[in-house]
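Below: the structure, in structure tokens.
Nothing in this text is a laboratory measurement; each read-out follows from the coordinates by a stated rule. On a predicted model such as this, the values are computed, not experimentally measured, just so you know. Every residue, glycine as well, gets a Cβ built from its backbone with ideal geometry; the counts of neighbours run over all protein chains shown.
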Amino acid sequence: MPSKKAKIAVLVSGGGTNLQALIDAQASGIISSGKIELVISNKDGAFALTRAKNAGIKTFTVLKKQLGSQEAFENEIIKILDENGIDLIVLAGFMSILSKKFTSHYENRILNVHPSLIPSFCGEGFYGLHVHEAALKKGVKVTGATVHFVNEIPDGGEIIMQKAVEVKDGDTPEILQKRVMENAEWIILPESTEKICKQIISK
Ligand code: GAR
């Protein structure tokens with residue numbers, strides 16, 4: 001096991017099943033080159049915060065409404081990240097678009113998981129269940145998930161890993177979402193996180 005570990009911050013907005021996958025991967029050793037130092041939510045009371053607390057991880061809630069602007073919101077997040085010496089930011093169901101100022105500050109240091117095979121069904125407006133609704137509406141037979149670096153273009157950064165998932169007759173957006181999470185997201189997000197942490201600590 002490497003002695004030095006990359007410090008990870010996970011940004012969340014909702015249920016946090018991807019955060020749970022990261023916590024479990026850390027416990028099982030799939031993630032061994034990094035450690036989840038803290039979790040930041042932009043939603044009050046997000047269940048992801050409970051998952052973090054249950055795992056003994058520090059949590060922060062940062063609300064744009066309370067801070068008054070996107071700039072103040074991002075500055076507050078940067079302050080937390082810098083104070084804690086964070087090396088890698090993982091967006092795990094984080095439903096807020098970050099500005100160029102933020103993303104360029106952490107070039108190649110922000111990962112996101114998106115529930116489709118980019119470049120299909122991605123970009124502004126494609127998030128959560130909407131992605132699966134669009135895939136079913138189009139009638140695609142294969143969908144999946146993508147982990148990519150985050151830049152100023154929504155879902156536009158370099159692709160790190162993708163995994164395909166079959167669409168089945170009779171799928172609803174909810175059923176498809178669950179299959180994509182179980183068979184793709186919860187696997188490639190921890191694997192990608194380990195891959196990038198390993199690169200960071202070997203530099
Ligand atoms: C996940 O399916 C994630 O890929 C998606 O939201 C869900 C969050 O679930 N993210 C996006 O759509 C980002 N564009 P979780 O809170 O249970 O991890």
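Can you give the FRET efficiency for Asp82 and Glu174, using 1/(1 + (r/R0)^6), R0 = 45 Å, r = Cβ-Cβ distance, to the nearest 0.05? Before the final figure, lay out each step's value.
Numbers: r = 39 Å, r/R0 = 0.86.
So the FRET efficiency works out to roughly 0.70.
Through the Karplus equation 6.51 cos²θ - 1.76 cosθ + 1.60, θ set to phi - 60°, convert the phi angles of the range 107-117 into ³J(HN,Hα) values in whole Hz; use x for Gly and Pro.
4, 6, 10, 10, 10, 9, 9, 10, x, 7, 8
Relative contact order (percent) for the chain, with alpha-carbon contacts under 8 angstrom and 6 or more residues of separation?
That works out to 23 percent.
What does the extension gain come out to for Ile201 and Thr61, with contour length at 0.36 nm per residue minus their alpha carbon separation? List each step's numbers first, then the result.
Details: separation 140, 0.36 × 140 = 50.40 nm, distance 2.81 nm.
Additional length available on full extension: 47.6 nm.
What list of ³J(HN,Hα) values in whole Hz, one per residue of the range 178-188 in order, does the Karplus curve 6.51 cos²θ - 1.76 cosθ + 1.60 (θ = phi - 60°) give from phi, with Gly and Pro shown as x?
Ordered by residue, 3J(HN,Hα) equals 5, 5, 5, 5, 5, 9, 9, 4, 5, 9, 7 Hz.
Go through the range 87-94 residue by residue and turn each phi into a ³J(HN,Hα) via Karplus (6.51, -1.76, 1.60, θ = phi - 60°); whole Hz please, and just put x for glycine and proline.
With coefficients 6.51, -1.76 and 1.60, one gets 9, 9, 10, 10, 8, 10, x, 8 Hz.
What residues qualify as long-range amide H neighbours of Met161, i.e. H under 5 Å apart, gap of 5 or more or another chain, H built at 1.01 Å from N?
Val147
Calculate how many DSSP beta bridges within the chain are antiparallel, expressed in % of all such bridges and rounded to the nearest 5. Please report the intermediate quantities before stating the final value.
Numbers: 11 of 29 bridges.
That works out to approximately 40 percent antiparallel.
Can you compute the FRET efficiency between Lys35 and Ile159 using 1/(1 + (r/R0)^6), with r the Cβ-Cβ distance and R0 = 25 Å? Round to the nearest 0.05. Don't jump to the answer; show the numbers that get you there.
Details: r = 25 Å, r/R0 = 1.01.
Calculated transfer efficiency: 0.50.
For Leu91, what residues show an amide H to amide H distance below 5 Å, using hydrogens built from the backbone and excluding near sequence neighbours?
Leu11, Leu111, Asn112, Val113
Please report the spacing between the Cα centers of the range 74-137 and the range 140-203 in Å, no decimals.
Centre-to-centre (Cα) distance: 12 Å.
For Ile86, which sequence-distant residues (separation of 5 or more, or a different chain) have an amide H within less than 5 Å of its own amide H, given hydrogens modelled in the peptide plane?
none
Please check the chain for the longest run free of GluC sites (Glu not before Pro) that are loop-located per DSSP (anything but H, G, I, E, B) and have at most 12 other Cβ atoms within 10 Å. Spell out each step's value before the answer.
Working: sites that count: Glu107, Glu124, Glu158.
The segment 1-106 is the longest one with no such site.
Per DSSP H run of n ≥ 4, the term is -39500 (n - 2.57); total these for the chain, divide by its residue number, and report the mean residue ellipticity at 222 nm rounded to 500 deg cm²/dmol.
On the way: 8 runs with 78 residues, N = 203.
Counting only the DSSP helices, I get -11000 deg cm²/dmol.
Tell me, what is the Rg over Rh of the chain, with Rh the Kirkwood radius over Cα pairs?
On the way: Rg = 16.3 Å, Rh = 17.1 Å.
Ratio of gyration radius to Kirkwood radius: 0.95.
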